[in-house]
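Notes follow the structure.
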Amino acid sequence: MATHAGGVHPGTAPRTYGGVSGRLVFGAVMMLFGGLMTLAQGIAAVRTDKVFVSAPDYIFSYDLTGWGWIHMILGIVLVVAGLATFTGAMWARVVGVVIAGLALIANFLWLPYTPLWATVLLLIDAFVIWALCTGGQGMEAGMASPAAMTGGGRGPGDQGPGGQAPGGQGRGGPGPEPRAGGTGPVAE
């Protein structure tokens, strides 16, 4: 049995959870996780500066307390947007992409202070942006339409065995005209 190149079996629809695709659920979970980690990072920076590595020659050296407040705000907004993404709200996806992008930049600038923690958050923010941009409302990215999944997995213009689509129709139209005395198509 042949399957679609994307791994989707003909006649099956992508999984959705209350109208939200699996990629959006993944993005929402990663946003919650990344938001909580960013919030914890901000709290640690505001509470005490002794947790972080000193970077005396770093070109982007800033006050850790100020960066802590920035991380706390980004973390709170990421958590709220992550919770709202579970509802499938488009505004939550847009806010999530924008805030994850800002958090990605902030964590890049934060690399000298907490290299491992910032690297993990960079990856999480990148996955959040990917999931929110590619996860559709009930349709996974790369799928043409629900109609393309019915009828044996062939979409318009796809040819079946022998160069013809189902029903004897090739790419050029309805196919050859039947013979005057017969019922079948003319042999070429």
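Here, each number is a calculation from the coordinates, and none is a lab measurement. Treat the numbers as computed from the prediction; the structure is a model and nothing was measured. Counting neighbours? That spans all protein chains shown, and the Cβs are built from the backbone with ideal geometry, glycine included.
Once both labels are positioned 7 Å from their Cα atoms along Cα-to-Cβ, the gap between residue 26 and residue 89 label points is 2.4 nm. Distance between the 7 Å Cα→Cβ label points at residue 62 and residue 105: 1.0 nm. Taking other residues whose beta carbon is less than 15 angstrom from the beta carbon of residue 75, and scoring Lys, Arg as +1 and Asp, Glu as -1, yields 0.
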